[in-house]
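For reference, the structure is listed below as structure tokens.
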Amino acid sequence: MSVESYYFMALEKYTVKTVKSDQSAGTKVNLVGFVHNIRKGKNNVFIMLRDPTGVIQCVSHAGDQSFSTASMVTRESSLEVSGTINKDDRADGGYELKIESIKIYGLAEPFPIKKGQSKVYLFRNRHLWMRGQKVTSVLKIRSTIFESIHEFFVKEHFYEIQSPIFVGSSVEGGSTLFELDYFGKKAFLSQSWQLYAEAEVNSLFRIYTVAPSFRAEKSKTRRHLTEFWHAEAEMAFTDNDELMDVEEKLIKHIVKRVLENNHDDLKRLNRDVSALKNTIDKPFPRLKYEEVIDIAKKNGLELTYTSDLGADEERVITSKMDVPVFATRYPKSLKAFYHKPDPSDPSHVLCNDLLAPEGYGEIIGAGQRIDDKETLLSRLKEEGLNEKDYEWYIDLRRYGSIPHSGFGLGVDRLVMWICKLPHIMYAVPFPRTPRWLMP
Ligand code: 4AD
Ligand code: MG
């Protein structure tokens, strides 16, 4: 059942989308929503009523019982409107509601959001701006994405399991750790569930979670948040290549669902969907790190075979691509301590980043984990990490270690790419960056 018809049943009210149909013409309905716009004349009041499913024109004529109430209504007031649906080609969308009665829930003061305001102003008023149709479309697509992530993992026989948010050691390096005082001890906000997942996977073999992760990112880029939603999976007896198969299947599933469910929303966002269609139809290329560097060099970047790939490099690499691409087997020095060295070339690790096309870059970080104690100890040392902080994690290699791999999908980044948004802040209901904490 679609959200749209559920909404209708739960409220025992119609939705705009359902009443804009030939079957509804001539029938009496009641709608609830906000005043998207209003035109008041001597003889008519036209109220454009908006709910999450669309906008419909509602009209009251002078002499109607509803006319005096309709004349009082202001933009963004909340209403219940009852009346008859008429097919009318002059109305936007082809249908009009002839108002019989109006109940005002909340009469709005002059609404502060208008056309042409700056982005900073709009984000300061995110709590009001989010009613807008474009923001609503992004939020609806975001909802489909979260729903389809759970749907995928359930279908693929994964168990859902949680990990703590207060943690005592870092996963992804100290520079982005949020530190806090935990009853006199130093604690951090989790950057990733991964270390805990590596224990949990020994119990359940195929696991996933969808949860917030935290990074004290000082870098101001269009793709970094301090709090982001992380869909992570861990799989026992799985190597880096098998891991990429699952990642590809997941992304294809999500994109397919969005194309099925959110046609109108993608259209409202003027999203050209060709890259999304390719994502479903074409295999994702799997390139070695060095091949990716070569592409970047051909496109004018000055890089070496030890350069890290950041937002700028990935934009150049993926701007001409029309399907996500895997960048695999990075030099060990560029990746976190837990990645398993490639047995055929231990200077590189068995990892993969999935880069979204159209200039978006990394949406997944993934890899096969070190499964042997000695290698882990030497990698901790190389990275200057304290063995004591990882005692329990080292235990996992002491007592029946297994080959295992996992990945983390940045859900907000995926929303950003699927909607083709200019900045990750647009992908999140209430984004958190070093600058934004309110609302
Ligand atoms: O590449 P990352 O750092 O990998 C990990 O955290 C692994 N421990 C995941 C795992 O294997 N379970 O982060 C994974 C993804 C990135 O590819 C990116 O999409 C997203 O998380 N991400 C961020 N999204 C928004 N803002 C940030 N500051 C992000 N940092 C990472
Ligand atoms: Mg990464």
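Of all residues in segment 302-338, those that are aromatic (F, W, Y), open to solvent by less than 20 Å² (accessible area, probe 1.4 Å) and free of Cβ contacts under 8 Å to residues at least 60 places away in the same chain total 2. Scanning segment 221-243 turns up one or more residues that are more than 20 Å from the chain's Cα centre (by Cα), crowded, with 22+ Cβ neighbours inside 10 Å, within 16 Å of ligand 2 (Cβ to nearest atom) and among the hydrophobic types (A, V, I, L, M, F, W, C). Run Y196 past the list (1) out of contact with any Asp or Glu (no Cβ under 8 Å at 6 or more places or on another chain); (2) part of a loop (DSSP other than H, G, I, E, B); (3) within 12 Å of ligand 1 (Cβ to nearest atom) and report the number of the one that doesn't hold. Failing condition for Y196: (2). Among the residues of segment 385-417, write down those that are open to solvent by 50 Å² or more (accessible area, probe 1.4 Å) and of a type in the set (V, I, T). Those that are open to solvent by 50 Å² or more (accessible area, probe 1.4 Å) and of a type in the set (V, I, T): none in segment 385-417. Once segment 346-368 is narrowed to residues that are of a type in the set (V, I, T) and near ligand 2 (Cβ under 10 Å from one of its atoms), the residue that is farthest from R329 (Cα to Cα) is I363.
For segment 92-107, filtered to residues that are of a type in the set (A, V, I, L, M) and within 18 Å of K28 (Cα to Cα), the residue that is surrounded by the most Cβ atoms within 10 Å (Cβ to Cβ) is L97.
In segment 44-87, what residues are part of a strand (DSSP E or B), within 17 Å of E109 (Cα to Cα) and in contact with a Lys or Arg (Cβ under 7 Å, 6 or more places away or on another chain)? Passing the criteria: only L79.
Residues in segment 356-388 that are farther than 30 Å from I424 by Cα and either within 16 Å of ligand 1 (Cβ to nearest atom) or not in a helix (DSSP H, G or I) (or both): I370, D371, D372, L376, R379, L380, E383, G384, L385, N386. Scanning segment 108-167 for residues that are open to solvent by less than 40 Å² (accessible area, probe 1.4 Å), polar (S, T, N, Q) and over 23 Å from L49 (Cβ atoms) yields T144, S148, S163. Just one of the listed residues (E200, E172) is charged (D, E, K, R) and within 16 Å of ligand 2 (Cβ to nearest atom), and it is E172. Does S401 satisfy being touching an Asp or Glu at 6+ places or on another chain (Cβ under 8 Å), assigned to a loop (DSSP other than H, G, I, E, B) and not β-branched (V, I, T)? The answer is yes for S401.
The values are calculated or read from the model by the stated rules, or taken from the named source; none is laboratory data. On a predicted model such as this, the values are computed, not experimentally measured, just so you know. So basically every Cβ, Gly included, is an ideal-geometry build from the backbone, and we count neighbours across all protein chains shown. What goes into the accessible areas is simple: the full protein's heavy atoms, side chains included, and nothing from ligands, DNA or RNA. Shrake-Rupley method; radii C 1.70, N 1.55, O 1.52, S 1.80 Å.
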